[in-house]
Amino acid sequence: MRTTWLRSGTSIVALALAGAAGLGATAAARQAQPDLIKVRVTPALVTILRVPNWVAASEGIYRRNGLDVEQCVPPNDVRDVKRILDVDVPMKHRCTDNAPSPFTIAGGLPTSFMSQFQSAVPPRPRTVILATVQNRTNYTLVARKDITAPEQLRGKRIGITSDFNILGFQALLFARAMGWQVGRDIQLVPNPSGFIEGLEKGEFEAYIVGEGLPAWQAQQAGYTPLLDFGQWKVPMASSSINANAEWLQNNRETARRFIKSMVDAIAVIKQDRQAAYRAMTEYYGITDPTMLEFFYTSWDFPRKPYPAVDGLKTAQVFYDGHPGVRTEALRAAAIDSFVDDSFIRELDESGYIDRLYNNK
């Protein structure tokens, strides 16, 4: 049995389970079915965006696509689930190590794109986006309770986890929409936690709130979003399946099988919320119906999760001239070289994805 190890919000792959048709003997059937590829996956961030990974495990989707997956929740998420939800992730699903991976399941914007143009970031292995499951804005802007209008944030500070990830992107989007200049009309304050504590300590007057645990925490503390970027529907390259470009050259079948698993899982989630609930209960330990519904309704996955080319193009404009960016290299970047949509396109053009939703 071959083994591929993955880490930190990462996943992969497999060989097809070949069915043995006809009246062949058991030995012939075994010969027709290749060994499963054993895979270690650690989907980080407690959010609906990682639930396809858990549904693929709990509903047998990985295995049907030739994957034998060992999947786990990383320590930081175990801690945050306990701290924010007062829920214990089952011991058997907690990660006990941290292995390298040719794949990441993370923001397409920082992982595959902006990391290539940050002047302070050492060169990284080139990655390409194979699919994007969050292709438009979906976060909120939460402010101190005495701030009731976006205009009141002029001259104030906004907390973000990073200038160059999807929270920083939406902060730039807000500044542009207001006609403000970052550094003059508004300040962006890095706060890696992404949680409410920085706001309540007075480190900034507002912050960008991601879906999942940060959004639940803000709601429970009585904060109403000042802005809901989800209503803006601006293209962005957020949660994506990113592959090491060099690895991908010799492992395309493996990547194809993993992308199919994600497409299958999305179809299940969109049509059967109980499957999503079962997965969140099994792997995160969440049983409260209000929590389950909150996470489930926080995002509507695209049926066809093509790589978010439009989101990358928007980022190329927003970050032009931004501090810490190698601007000339960013301007010269060929967006198409950062994506590989062939796996989604194959499933789409064959009619496979549409058939998953026929008569539903």
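Expressed in nm², what is the orientationally averaged projection area of the convex hull enclosing the Cα positions of the stretch 85-150?
For the Cα atoms of the stretch 85-150, the hull's average projected area reads 9.0 nm².
Near K201, which lysines are there with a Cα under 16 Å away, not counting those fewer than 8 places off in the same chain?
Here the lysines satisfying the reach criterion relative to K201 are K145, K156.
Quick check: pseudo-label points 7 Å beyond the Cα along Cα→Cβ at A99 and E151, how many nm apart are they?
5.7 nm
Taking H placed 1.01 Å from N in the peptide plane, check which residues at least 5 places from T137 or on another chain put their amide H under 5 Å from its amide H.
Placed amide hydrogens put K233, V234, M236 under 5 Å from T137.
Keeping all protein chains in place, calculate the accessible area per residue for the chain (probe 1.4 angstrom), answer in Å².
Accessible area per residue, the chain: 44 Å².
How much length would be gained if the chain were fully extended between Q231 and R79, taking 0.36 nm per residue of separation minus their Cα-Cα distance, in nm to one decimal?
Result for the pair: 51.6 nm of gain on full extension.
Placing +1 at every Lys and Arg Cβ and -1 at every Asp and Glu Cβ, with all other atoms neutral, what dipole size does the chain have around its Cα centre, in debye to the nearest 20?
It comes to approximately 420 debye.
At 1.4 Å probe size, with the rest of the protein present, what percent of the exposed accessible area of the stretch 147-234 is carbon and sulfur atoms?
48 percent
Checking the cross-link filter: which lysines have an alpha carbon closer than 16 Å to that of K313, excluding same-chain neighbours under 8 positions apart?
Within the straight-line cut-off, K313 pairs with K233.
³J(HN,Hα) across the stretch 180-190 via Karplus (A = 6.51, B = -1.76, C = 1.60, θ = phi - 60°), whole Hz, x for Gly/Pro?
Residue by residue, the stretch 180-190 yields 9, 9, 5, x, 10, 8, 7, 10, 9, 10, x Hz.
In debye, nearest 20: dipole of the stretch 208-360 around its Cα centre with unit charges on the Cβ of K, R (+) and D, E (-)?
Roughly 180 debye, rounded to the nearest 20.
Which helices pass in the chain if a helix is a full DSSP H run, must span at least 20 angstrom along its long axis by Cα, and must have mean Kyte-Doolittle hydropathy not below -1.0?
252-271
At 222 nm, what helix-only mean residue ellipticity would the chain give, in deg cm²/dmol to the nearest 500, using -39500 (n - 2.57) for each DSSP H run of four or more?
-9500 deg cm²/dmol
Could you tell me what percent of the accessible area of the stretch 281-360 is made up of carbon and sulfur, with a 1.4 Å probe and every protein chain present?
Here it works out to 47 percent.
Once amide H atoms are built 1.01 Å from N in the peptide plane, which residues 5 or more positions from L188, or in another chain, come under 5 Å H to H?
I158, G183
For D185 and Q220 in the same chain, what is the full-extension length gain: residue separation times 0.36 nm, less their Cα-Cα distance, in nm?
So the extension gain works out to 9.5 nm.
Report, ordered by chain and residue number, the lysines lying within cross-link reach of K92, taken as a straight Cα distance under 22 Å and ignoring same-chain residues fewer than 8 apart.
In chain and number order, the partners are K38, K82.
How many nm separate the modelled label positions at E200 and A120, each set 7 Å beyond the Cα in the direction of the Cβ?
Taking the simple label geometry, E200 and A120 are separated by 2.8 nm.
With a cut-off of 8 Å between alpha carbons and a minimum separation of six or more residues, what is the relative contact order of the chain in percent?
Relative contact order comes out at 24 percent.
The values are calculated or read from the model by the stated rules, or taken from the named source; none is laboratory data. These figures come from a predicted structure and were not determined experimentally. Positions of Cβ are backbone-derived with ideal geometry, glycine not excepted, and every protein chain shown enters the neighbour counts. Quick note on the areas: whole protein, heavy atoms, side chains included, nothing else; ligands and nucleic acids left out. Shrake-Rupley method; radii C 1.70, N 1.55, O 1.52, S 1.80 Å.
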